[in-house]
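Working notes for the structure below.
The values are calculated or read from the model by the stated rules, or taken from the named source; none is laboratory data. In this text the structure is predicted, and so the values were computed from the model without any measurement. Note that we place each Cβ from the backbone using ideal geometry, even for glycine, and neighbour counts take in every protein chain shown. For the accessible areas, the whole protein counts, side chains as well, though only heavy atoms, and no ligand, DNA or RNA atoms are used. Shrake-Rupley method; radii C 1.70, N 1.55, O 1.52, S 1.80 Å.
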Amino acid sequence: MACQNNLVVKQIVDLYDQISKLESLKPSKNVDTLFGQLVSTCLPTDTNIDVTNMCEEVKDMRSNLIKLCGEAEGYLEQHFSTILGSLQEDQNPLDHLHIFPYYTNYLKLGKLEFDLLSQHSSHVPTKIAFVGSGPMPLTSIVLAKFHLPNTTFHNFDIDSHANTLASNLVSRDPDLSKRMIFHTTDVLNATEGLDQYDVVFLAALVGMDKESKVKAIEHLEKHMAPGAVLMLRSAHALRAFLYPIVDSSDLKGFQLLTIYHPTDDVVNSVVIARKLGGSTTTGVNGTRGCMFMPCNCSKIHAIMNNRGKKNMIEECSAIE
């Protein structure tokens with residue numbers, strides 16, 4: 001491949017070749033090592049590589065790699081959710097989440113998303129939907145435990161087994177067992193009720209190619225309440241070899257508020273948008289809702305995170 005002249009891209013292609021030949025993507029020493037190397041290789045953000053402008057061979061490889069990453073991530077969550085759910089009856093699985101390899105990453109991502117949401121909201125959301133919650137709904141758990149103690153979380157997943165495992169995780173927690181609700185359905189079949197949520201999260205791996213991602217966003221736009229907030233995960237630079245990219249052009253019917261690109265070990269970029277058509281101060285069901293900050297596409301702000309590293313926020317005007 002001509003566009004493999006870049007050393008980092010060649011390393012990623014070599015790792016893809018090894019991963020694609022694995023007999024199974026379930027957790028094992030070899031699987032964990034290869035995906036660990038892949039994530040480490042894709043973390044640097046000080047690169048001018050744009051995956052959307054690479055040759056077709058690398059674009060095809062990237063599409064396949066994202067699917068492999070999604071499959072492996074599902075197996076990993078299933079594995080640890082099963083372990084945690086099988087603890088003795090007198091133990092709360094949520095007290096042992098630290099055994100999950102990427103738990104610290106989820107703590108950072110949850111804090112980041114809560115802070116960004118707070119910047120664009122004048123009230124605490126009462127109901128949040130998370131689409132694509134999986135067998136280990138760590139985003140909902142982290143937000144519910146540490147940031148939104150009075151919010152109810154509705155978790156949607158197409159896989160009934162994933163929901164069974166996830167429900168089992170919170171069933172022994174006296175607080176979250178009352179505030180975490182699980183729905184087994186394809187988001188494209190969910191119509192009634194989506195307008196009841198102040199905030200809707202769309203998981204990174206719901207729609208692992210551009211067409212299905214846009215289809216999911218269009219469905220949410222059709223059924224969400226005007227003024228409600230949509231939070232999505234995207235990817236930037238080399239990290240786009242791990243997760244799909246959400247472009248501003250994918251968000252028709254929404255006002256794009258912020259795209260945040262972390263430069264630490266939080267892999268996902270965070271995209272925040274508001275469903276058009278509602279008042280900026282009246283939210284779902286007429287309650288006091290989200291008040292959104294003025295945006296300016298011409299500005300890209302560098303802000304400092306807790307570690308003193310620079311992260312980039314893009315604040316953008318409305319997308320019609």
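Within the range 234-271, work out how many residues are of a type in the set (D, E, K, R), surrounded by 21 or more Cβ atoms within 10 Å (Cβ to Cβ) and touching a residue at least 60 places away in the same chain (Cβ under 8 Å).
Looking only at the range 234-271, we keep the residues that are of a type in the set (D, E, K, R), and these are 239, 247, 250, 252, 264-265.
Cutting the leftovers down to surrounded by 21 or more Cβ atoms within 10 Å (Cβ to Cβ) gives us 239, 250.
Narrowing further to those that are touching a residue at least 60 places away in the same chain (Cβ under 8 Å): 239.
Selection size over the range 234-271: 1.
Note down all Cβ pairs under 9 Å where the first residue falls in the range 65-78 and is of a type in the set (Phe, Trp, Tyr), the second is open to solvent by less than 30 Å² (accessible area, probe 1.4 Å), and they're at least six residues apart or on different chains.
TYR75/LEU25; TYR75/VAL31
Any residue in the range 180-202 that is of a type in the set (Gly, Ala, Ser), within 23 Å of LEU257 (Cα to Cα) and at pLDDT below 95? So that I can check it myself, show each step before the final result.
Start the filter on the range 180-202 by keeping residues that are of a type in the set (Gly, Ala, Ser), which leaves 190, 193.
Narrowing further to those that are within 23 Å of LEU257 (Cα to Cα): none.
Checking the range 180-202: not a single residue is of a type in the set (Gly, Ala, Ser), within 23 Å of LEU257 (Cα to Cα) and at pLDDT below 95.
Condition first: touching an Asp or Glu at 6+ places or on another chain (Cβ under 6 Å) and assigned to a strand (DSSP E or B). Now tell me which residues in the range 224-264 satisfy that.
Selection gives THR258, ILE259.
Looking at LYS275, is it among the basic types (Lys, Arg), buried (at least 19 other Cβ atoms within 10 Å of the Cβ) and at pLDDT 95 or above?
So LYS275 passes the test.
So is ALA204 buried (at least 20 other Cβ atoms within 10 Å of the Cβ) and part of a helix (DSSP H, G or I) or not? Show your work before the answer.
Working: buried (at least 20 other Cβ atoms within 10 Å of the Cβ): yes; part of a helix (DSSP H, G or I): no.
Taking the combined requirement at face value, the residue does not satisfy it.
Which fully enclosed helices (runs of 4 or more DSSP H) of the range 63-182 have 2 or more residues being buried (at least 22 other Cβ atoms within 10 Å of the Cβ)?
Working: elements: 103-119, 138-146, 160-170, 176-179.
It comes to 103-119, 138-146, 160-170.
When residues of the range 18-62 are filtered for being touching a helix residue (DSSP H, G or I) at 6+ places or on another chain (Cβ under 7 Å), open to solvent by 50 Å² or more (accessible area, probe 1.4 Å) and part of a loop (DSSP other than H, G, I, E, B), how many remain?
2
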